Amino acid sequence: MAYGGKTKTMNLEIKDLTVRLYPKKNAGRHINVVDSVDLYVNGGEIAAVVGESGSGKSFLGLSIMRLNPPDVSEVVSGSVKIKCPGEKEELDIMRLNPKNLPSVRGRLVSIVFQDPNTSLNPVIKIGEQITEAIFAHKKIGKPEAKEIAISYLNRMNIDGKARFNAYPHELSGGMRQRVMIAMAMVLNPCFLIADEPTTALDVTTSLQVLSLIEKIKLESNLGIIFITHDLSIAKNISDKIYVFYAGQVMECGKTEEIMDNPLHPYTVSLINSVPSLPADYMPKQKLFTIPGYLTKDDFTEGKCRFYSRCFKRDNNCLKNIPLNEISRGMFARCIKV
Amino acid sequence: MPGVLRYNSFARKNKANIKKETGKINNKTKQNMEKEIILNALNLSKYYKYYKSVFDIKRDVIKAVDDITFEVFRNEIFAVVGETGCGKSTLAKLVAGLINKTSGDIYYDGELLDYKDKKKNFRKKIQIVFQDPYSSLNPKKKIYKIISYPAVKNNIIKKRDRLDFAASLLKNVGLSEEILHSYPYELSGGQRQRVGIARSLSVSPELLILDEPVSALDMSISAQVLNLLMDLQAHDKMSYIFITHDLKIVRHIADRVCVMYGGKIMEISPSQDFFKEPAHPYSNILYNSMLPYNFKKQLNFTGLNGKNAGSGLISKEKGIEKGCVYFKKCYASKEICEKNEPPLKDVGDNRMASCFFPFTHPGL
Ligand SMILES: Nc1ncnc2c1ncn2[C@@H]1O[C@H](COP(=O)(O)OP(=O)(O)OP(=O)(O)O)[C@@H](O)[C@H]1O
Ligand SMILES: Nc1ncnc2c1ncn2[C@@H]1O[C@H](COP(=O)(O)OP(=O)(O)O)[C@@H](O)[C@H]1O
Ligand code: SF4
Ligand code: SF4
Ligand SMILES: [Mg+2]
Ligand SMILES: [Mg+2]
């Protein structure tokens, strides 16, 4: 599925990806926590995945790298094909022999997690954590690796020399997140999955990290899948948006088009529920709300997944709803659009 | 059950009155004169001491809240903003009496705020709601017990009335009675946050301290909680100290904004004026880091890493003994700022700022 078309040399394309989540101790039925997701991103492009908590965004990010927890979940169909300059042929991560996965992770596709506090080892110096990542893929000497680590820290606007020996707790939240990005970038991957990289940060720090992501995208022609629950961030950083709800893409298209002219009731509701900043803005007005909340029941088959909270629903919505192309490059999963 | 009655009938009756009061007054000075102060803090400080290392007996001091003075009016939403570590939560805990102050005083309704003074019953008048809806509710207790606990403890209701009491409070925060017998883990973040608010409301407080009440929530859920808070302000004459780092929310609900940096107050301004033109250089940086939600993509990402960045943790290592706390990061600084500390003073229009050069814009 597309807007604007794919570039030939560098892209990551997800087709029909379905990931099943099994309930613990056989309580209840399994659900498709990621359901027939199509998504693609070119080099130098940012695709935002926007959705609320529990909608399966992190599962999508993890599954792309086959890092989804194997004890409770399984990829049941789909492909994730990546084409990188310098690689002889396109490869499908879903069909890769597990023993070849480590050579792809970090080198071709990398990931930054939501919470830098739990993903950095608190008792190892940050410099060492970065060189570890290099050694896992490259046979080079220690001084050389140290030099690379320092240069990447510098690129993240951290004084690499001074901070190489710092422990995570000695850095601020924003700095830790930038160390995480340095770690993800140190093998110069073609694609980066950023799972809510700024959610744990305050405004000024968050803006710093966003500006950095924009910078590395430009410098390295990086393709980025940017996962967030904040529409204003998605709007400001992305080229295209995938609105995600209960495991499915509800609407996707060019960022401007989605923000200016949302089609799906969920997108419309989301945009309306955020305090906004137009010139004729009225403080203290009642905010638009979406009734209820996302539950596991919304993941079940046989009805629109947004049915329980939709302001436009009727009996015709009680069936599986396909994702339809509404206009060129704009897709929506709703029978009323 | 006085608490319940208050929320059901009182609310409706007073709606008209409140409208009249807030709608008529345009003159700002008059507005402030007529406002009643519910809480004020004088030279309030909280220092944390800690040992630098096991081998070093010299102790470092973190001035989490450093000599601040402010007041909160009755029935207003007083927003406190600022970046991580600037002392917002410490301030909240000081007012709620959860930590001891290092120095200074807090007055509530003109009386010295002393939670140990049982007769005054300040615990009932001031309640706090925490940032994290996941860890602030006892996971082993059912919702109705959680909600009614403070009221039972304060002898507002009898133990046997708990269920009815909790049900009516749930209704007030827009939740259904179905969850009375649920446990916290069975609820969504937004529901939990509203249960937290319902619990604070159970003792009919006058002042609610809200520490990042919606930061952990999704957009659609955060709107539900904000609507509830605005409702309570309008109908029940509630006053709030509302801590957040989301300026969009401040702009939407706050009456006045208090900007903190490095444990100090940088600016206090009526919300409308603040969003027209921030007075303090740091306020300007905060203001400019708001993502322009309804505008075209126009973020200026460059320049954020230079002097104007205004971000990162505040350096606590040395502790600035003199001069302006914001000096190192300020785009408007001059020589005088390094040697002298700017006091928080009137800069016109009921606004206060601690800066020698207020209303200096970045990029000049
Ligand atoms: N118990 C404590 N012991 C030592 N230092 C503390 C303690 N609690 C807070 N601090 C320090 O006091 C300063 C202010 O902390 P506070 O929690 O008030 O920040 P905040 O403004 O609420 O930040 P955030 O936006 O991250 O919640 C920080 O430097 C913090 O590290
Ligand atoms: N390790 C796990 N085991 C079982 N269920 C999980 C696990 N991780 C997440 N889930 C469930 O999968 C769903 C999607 O979760 P997640 O992908 O983390 O959502 P998001 O990132 O959009 O907030 C949620 O219902 C969550 O409870
Ligand atoms: S298909 Fe029906 S329930 Fe689903 S979003 Fe469209 S109108 Fe709403
Ligand atoms: S007093 Fe000086 S350093 Fe401090 S904020 Fe004002 S201009 Fe900047
Ligand atoms: Mg997630
Ligand atoms: Mg805090």
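The values are calculated or read from the model by the stated rules, or taken from the named source; none is laboratory data. Note that the structure is predicted; figures quoted are calculated from it, not measured. No Cβ is skipped: glycine too gets one built from the backbone with ideal geometry, and neighbour counts run over all protein chains shown. Surface accessibility is based on the protein's heavy atoms, side chains included, excluding ligands, DNA and RNA. Shrake-Rupley method; radii C 1.70, N 1.55, O 1.52, S 1.80 Å.
Which ranges mark the helices (runs of 4 or more DSSP H) fully within region B:202-295 that have 2 or more residues being open to solvent by less than 10 Å² (accessible area, probe 1.4 Å) and facing another protein chain (nearest Cβ under 9 Å)?
Working: elements: B:219-236, B:247-253, B:271-276, B:281-288.
Qualifying helices (runs of 4 or more DSSP H): B:219-236, B:247-253.
In region A:320-337, what residues are touching a Lys or Arg at 6+ places or on another chain (Cβ under 9 Å) and polar (S, T, N, Q)? Reasoning before the result, please.
Pass one, region A:320-337, residues touching a Lys or Arg at 6+ places or on another chain (Cβ under 9 Å): A:320-324, A:329-330, A:333-336.
The answer is A:N320, A:N324.
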Look through region A:226-269, keep the residues that are acidic (D, E) and outside any helix (DSSP H, G or I), and return whichever of them is farthest from the other protein chains (Cβ to nearest Cβ).
-> A:E251
Scan region A:299-310 and give yes if some residue there is more than 16 Å from ligand 2 (Cβ to nearest atom), over 29 Å from A:Y40 (Cα atoms) and assigned to a loop (DSSP other than H, G, I, E, B), otherwise no.
-> no
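Of all residues in region A:213-225, how many are open to solvent by less than 10 Å² (accessible area, probe 1.4 Å) and within 14 Å of another protein chain (Cβ to nearest Cβ)?
Let us first name the residues in region A:213-225 that are open to solvent by less than 10 Å² (accessible area, probe 1.4 Å), namely A:213, A:216, A:222-225.
From the residues that got through so far, the ones that are within 14 Å of another protein chain (Cβ to nearest Cβ) too are A:213, A:216.
Residues in region A:213-225 being open to solvent by less than 10 Å² (accessible area, probe 1.4 Å) and within 14 Å of another protein chain (Cβ to nearest Cβ): 2 in total.
Does A:M175 meet the test of being of a type in the set (A, V, I, L, M, F, W, C), more than 16 Å from ligand 4 (Cβ to nearest atom) and more than 14 Å from chain B (Cβ to nearest Cβ)?
For A:M175, the condition - of a type in the set (A, V, I, L, M, F, W, C), more than 16 Å from ligand 4 (Cβ to nearest atom) and more than 14 Å from chain B (Cβ to nearest Cβ) - is not met.
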Does region B:142-149 contain at least one residue that is within 13 Å of chain A (Cβ to nearest Cβ), in contact (Cβ under 8 Å) with a residue 40 or more places away in the chain and of a type outside the set (G, A, S)?
-> no
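Considering every residue within region B:132-147, establish whether at least one is assigned to a strand (DSSP E or B) and farther than 20 Å from B:F165 by Cβ. Even if it seems obvious, please write down each step before you answer.
Taking region B:132-147 and keeping what is assigned to a strand (DSSP E or B), we get none.
Taking every residue of region B:132-147 in turn, none turns out to be assigned to a strand (DSSP E or B) and farther than 20 Å from B:F165 by Cβ.
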Condition broken by A:R163, with the remaining ones in (1) touching a residue at least 40 places away in the same chain (Cβ under 8 Å); (2) surrounded by 18 or more Cβ atoms within 10 Å (Cβ to Cβ); (3) within 14 Å of chain B (Cβ to nearest Cβ) satisfied | (1)
Is there any pair with a first residue in region A:79-94 that is more than 16 Å from A:G223 (Cα to Cα) and a second that is among the hydroxyl-bearing types (S, T, Y) whose Cβ atoms are under 6 Å apart and which are 6 or more apart or on different chains, and what are they?
-> A:D92/A:S79; A:M94/A:S79
